[in-house]
Amino acid sequence: GVLQIFEWWYFRKYGTSFIEQVSVSHLRPLLGGVDNSAPSTASAANGDADSSRQSVSECKVWRNPLNLFRGAEYNRYTWVTGREPLTYYDMNLSAQDHQTFFTCDTDHLRPADAIMQKAWRERNPQARISAAHEALELNECATAYILLAEEEATTIVEAEKLFKQALKAGEGCYRRSQQLQHHGAQYEAQHRRDTNVLVYIKRRLAMCARKLGRTREAVKMMRDLMKEFPLLSMFNIHENLLEALLELQAYADVQAVLAKYDDISLPKSATICYTAALLKARAVSDKFSPEAASRRGLSTAEMNAVEAIHRAVEFNPHVPKYLLEMKSLILPPEHILKRGDSEAIAYAFFHLQHWKRVEGALNLLHCTWEGTFRMIPYPLEKGHLFYPYPICTETADRELLPSFHEVSVYPKKELPFFILFTAGLCSFTAMLALLTHQFPELMGVFAKAFLSTLFAPLNFVMEKVESILPSSLWHQLTRI
C-alpha cells in the first residue's frame, strides 16, 4: 500500500513511473543489461569523433587560449602564497610547444636563434633568461624578447613593452622569409616558424591590452589577426575575442562569433558551449522564477535557455560549481583538458564576472544544471549530445593541476534518499516475512521482546502518572 501511494505521488510530481525508473536506470545496469555502444547519430550530428577515434583523441591536451604570464602573474602568486601554481608536467608541455613553434632546422645558421634553441630546452628559468639576454647582445631576436616578456617581466606593462620590441623584430623576419618561402623546404619551415612567432606576439599584445583595460583596442587587434591568418584556427583566438566582447557587453557581436565557430564540423569547448548558454539565459533570466515556471510551465525562450545549459553541462559538468562559487578557483594552468576540471577552471576564472553581470543568469543555472544528470543516458559511458565522457580525464587533470587543488571528478548519478529508503524498507519487510515463515516460534519471541522494549518507556510513564494522580480521578479518566 505504501509503495502504491508513493508511486502515485511520484508520477504526479515527475510525470514518470518511479518503479520503471528504478528498474531501467539502477537495476538493469547491475544485472548486466547494459548497452555500451555510444549513440552514433548524436555524435555525428555534433561533429564529434566516432568511437574508433575516441581512444586516441579523448585525452588530448590543448594549449590554454587565455593562459597567464609566468613572470607577471604566476610568479607573483608564488611570491605571495609560497605555492607553485604550475606543475612540472604543465611546464614541460609548454617547453615542447615553444620548441615546436619558435624553432626550426635552420636556427644553427644564425647565432642568436641557435642560443634561443637551447634556451627553450632549459629547465632552469634563470638559465633561460640569461640565454635570452645573450641572444639579444648578438642580434634583435624576436623569440628572445618573447621569453623575457613571458618570464622576466614582473608587470603586464613591462611585458607589453617587450612584446612591442618583439613585434618590430618579428615583422622584419616574417617579411624576409615570406619572400623566400618558395625557394625550398628549409625556407618554407623558416617562414612557418616566423609566422607562428608573429601570431604569438600579436595575440599576446592583444591580451596585454585586454588586461590593461584597453578592451576595444584588444578586440580590434584580435579581429585583424583572425583576418590576416584565417587558417591558424588551432590557436583558438576566437576564444580570446569572445571574452573581450563579453567584457564590452557587445552581445550581438558575441552571437555573430558563435554563429561562425559553434559549428557542427568544429570541435567544441567550454567557452563555446557556456557562452551560448549565457546568451540564451540572458533573454529570460531577469524574470525567471522556478515557482512560476513550475506552475505555468516553461516558455519557448526558457526552454531554449534550459536546453543550452543542459548542453553545456553535458559537455563539461565541472564548470557550474565554479560559476556558482560552490568550489574555490585557482589560477588556470597553461594547458587544459577539454571536458575536464582544468578547462572548467580556465573558463570560470575569466568568465565568472560575465555571468554575474547578467541579472538572474546564475540563478537560472543554479535551478537547472543538476537536472542534466537525469537527462543523460545511463550508464555514464553513454552520451546524449556529445560522445561519451572520457574516463581518463581525472588522471590527466591531476597531472595538469597543482597538488593543493582538489580535482573535480565527473559528478556521478546519486540515488535520491527516497529510493534508498524505499529499497531498504522493502528489503527489511521481505526479510521479516521470510524469517517468520521459517521460524515462527522464535520470531514470536523476538517480536514480544521487541514490543515490550518499545513500550517500556510508555509503561513507565503510565505507572508514574498512576502514582501521582488520585485513584478516583484516574478511575474517571480511564472510564472516559
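The values are calculated or read from the model by the stated rules, or taken from the named source; none is laboratory data. Because the structure is predicted, anything quoted here is derived from the model rather than measured. With ideal geometry, Cβ positions are generated from the backbone for all residues, glycine too; neighbour counts draw on all protein chains shown. Side chains are part of the model used for accessible areas, which takes the heavy atoms of the whole protein and leaves out ligands, DNA and RNA. Shrake-Rupley method; radii C 1.70, N 1.55, O 1.52, S 1.80 Å.
First measure r as the distance between the Cβ atoms of R63 and H366, then evaluate 1/(1 + (r/R0)^6) with R0 = 41 Å and state the FRET efficiency to the nearest 0.05. Could you put the intermediate results ahead of the total?
On the way: r = 32 Å, r/R0 = 0.77.
Once rounded, the FRET efficiency stands at 0.85.
Label zone (I419, point 7 Å along Cα-to-C-beta; backbone nitrogen cut-off 19 Å) within the range 306-322: 314.
Cross-link reach is defined here as a Cα-Cα straight distance under 17 Å, omitting same-chain residues fewer than 8 places apart; for K321 the aspartates and glutamates meeting it are D341, E343, E370, E394, D397, E406, E414. In this label model, E394 and R123 are separated by 3.0 nm, measuring between points 7 Å along each Cα→Cβ vector. In this structure, the amide hydrogen of H335, modeled 1.01 Å from its nitrogen in the peptide plane, lies closer than 5 angstrom to those of N64, counting only residues at least 5 positions away or on a different chain. Each of K168 and E291 was given a label point 7 Å from its Cα along the Cα-to-Cβ line. The distance between the two points is 6.6 nm.
Rg then Dmax, both in Å and based on the Cα atoms of the range 261-414: 15.3, 48. Considering only Q249, M226, S94, whose Cα is most displaced toward the positive end of the charge dipole of the range 63-249, charges sitting on Cβ of Lys, Arg (+1) and Asp, Glu (-1)? The one lying farthest along the dipole's positive direction is Q249.
Pull out a ≥ b ≥ c, the square roots of the eigenvalues of the alpha-carbon gyration tensor of the range 417-463, then state rounded if a/c is under 1.5, prolate if not and a/b is larger than b/c, and oblate in the remaining case.
Oblate.
What the Cβ-Cβ distance of A250 and L454 gives, at R0 = 56 Å and to the nearest 0.05, is a FRET efficiency of 0.20.
Working from Cα pairs under 8 Å separated by at least six residues, relative contact order for the range 63-249 is 20 percent. Taking only protein heavy atoms into account and a 1.4 Å probe, give the accessible area per residue of the range 63-249 in Å². On a per-residue basis, 50 Å². For K211, the lysines whose Cα comes closer than 21 Å to its Cα, not counting residues fewer than 8 places off in the same chain, are K161, K164, K202, K220, K356.
Taking a quarter of the surface of the convex hull around the Cα atoms of the range 63-249, what do you get in nm²?
Numbers: hull surface 43.0 nm².
Reported value for the Cα convex hull: 10.8 nm².
Length gain on complete extension for the stretch E134 to S403, per 0.36 nm per residue less the alpha carbon to alpha carbon distance? Please report the intermediate quantities before stating the final value.
On the way: separation 269, 0.36 × 269 = 96.84 nm, distance 3.53 nm.
Roughly 93.3 nm would be gained on extension.
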